[in-house]
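Report on the structure given below.
We did not get these values from a lab; they are worked out from the coordinates using the rules stated. This structure is a prediction, so every number in the text was calculated from the model and none was measured. Cβ coordinates were reconstructed from backbone atoms using ideal geometry, including for glycine residues, and neighbour counts include every protein chain displayed.
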Amino acid sequence: MIKYIVRRTIQAIPVLFGITIVVYGILLAAPGGPTAKFAQNPRITQEMKEDFKRAWGLDQPVPVQYCRWMGFCSKEVDAKILGVLPAPAAFIGPKGWPNLLPTPLSGASNGVLHGDFGFSISTGELVNKAISRAALPTLILASSALVVWLVVAILIGVYAAIHRYSLFDQAATVFAYVGYAMPTFWLGIMLIFLFSGPGLNILPAGGMTETRVSPPFGSDDYWVYFGANTVAAILDIGKHLILPLFTLVVVSIAGDSRFVRASMLEALGQDYVRTAKAKGLPARTVTFKHALRNAMLPVVTNIGLELPLLFTGAIVTETIFSWPGMGRLTIQAINSFDYPVLMGILLIAATLTVFANLLADVAYAVVDPRITY
């Protein structure tokens, strides 16, 4: 198993490298570019736009920009081959070793390989800092959604399979079709209208905390407030979490409950299940110890595909509920043509996708003892 994990991790390196090229190329090909935000400002002259490009290194050839962004090349060396490709000297760090090596060896600190995603074009803030600030709210929302999604989907799917064609099974089928077809943005707006409108008005419509009571979430003042009012702060976050959590998990529960039901029905009809029943094993043992493990394989596959979407932020959900996470940060970066932030988010999303698929492959061996690596 360990050899398999190491082998898959090594195989993921060229995949991630290819993804960085694709991400960089797509964003460069996007219409407008970073200077598009100045298009409607008559005070910004063409000369000022060129100065902006030079200040951010956008006047350099694309290979040089990419090489510096990744950390293969040093920003201090401007030599080029044919005016397009970085010269060999650009690949050497301040200490005489290749620039891509860790900072203690190379002395370099620029680029993704050294944990430097650059600066936000719109705010001038470090991209690392902007992403770190948005990561915690998304982690809270995503981890809560993951637990609710898996527990509820498995329980509904298993119970519906055991009680096939019962009233519960038919109700679960209707819920699955309606929930899977329901647009997330419409569901979020309807929940705000029902629970945060002038009618019930029992849940907050957006945000992560009650700003009239506590400082903004993530600020230094907030953590002081959190330490002094821990229970009240947790309850406040929990109250704001209800509506976006429900919006985020409905579609996943609807889809995966059907996967679990179908897989469970197939597993319950297998010979080993009938043999276990014939030996007199309790029904609960047959269902949960023998049938459920094999029925979980499709769910494990879905987790590997959907997990990155949760942890990189549900863009629609976070935008509707003003949840200050990765999804909302993505929308803000798109609207302001903030390419360094977008590239950082997309690279993290790609890394999480590769990692989640590795976890899914490992989980196969845990769930199904017939699989060995």
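Once C-alpha pairs closer than 8 Å and six or more residues apart are averaged by separation and normalised to the residue number of the chain, the relative contact order reads 20 percent.
Taken over the range 127-367, the alpha-carbon convex hull comes to 157 cubic angstrom per residue. Highest mean packing first, where packing is the average number of other Cβ atoms within 10 Å per residue, the peptides 120-128, 5-13 line up as 120-128, 5-13. When the charge dipole of the range 127-367 is built from unit charges on Cβ atoms (+1 for Lys and Arg, -1 for Asp and Glu) and taken about the Cα centre, the candidate among SER144, LEU203, ILE345 whose Cα reaches farthest toward its positive end is SER144. Note on ALA262 and ARG43: the model spin-label points, each 7 Å out from Cα along the C-beta direction, lie 5.9 nm apart. Only helical runs count toward this figure. For the chain, summing -39,500 (n - 2.57) over DSSP H runs of n ≥ 4 and dividing by all residues gives -20500 deg cm²/dmol at 222 nm.
Residues whose amide H falls under 5 Å from that of PHE119, counting only those 5 or more places apart or on a different chain, are VAL127, with hydrogens built in the peptide plane. Amide H to amide H distances under 5 Å link LYS80 with ALA87, where only residues 5 or more positions off or on other chains count and H is placed in the peptide plane. Ranked by the mean number of other Cβ atoms within 10 Å of their residues, highest first, the peptides 105-112, 320-327 fall in the order 320-327, 105-112. Using the Cβ of GLY206 as centre and a radius below 14 Å, the other residues enclosed give a net charge of 0, where K and R count +1 and D and E count -1. Amide H contacts of MET182: none lie under 5 Å away among residues 5 or more positions distant or on a separate chain (H built 1.01 Å from N in the peptide plane; Pro and chain starts excluded). A simple charge model with +1 on the Cβ of Lys and Arg, -1 on the Cβ of Asp and Glu and nothing else charged puts the dipole of the chain at about 1040 debye relative to its Cα centre. Residues ASP236, ASP271, ASP256, ASP78 in ascending order of nearby Cβ atoms (within 10 Å, fewest first): ASP271, ASP78, ASP236, ASP256. With the convex hull drawn around the C-alpha atoms of the range 2-114, the volume per residue stands at 138 Å³.
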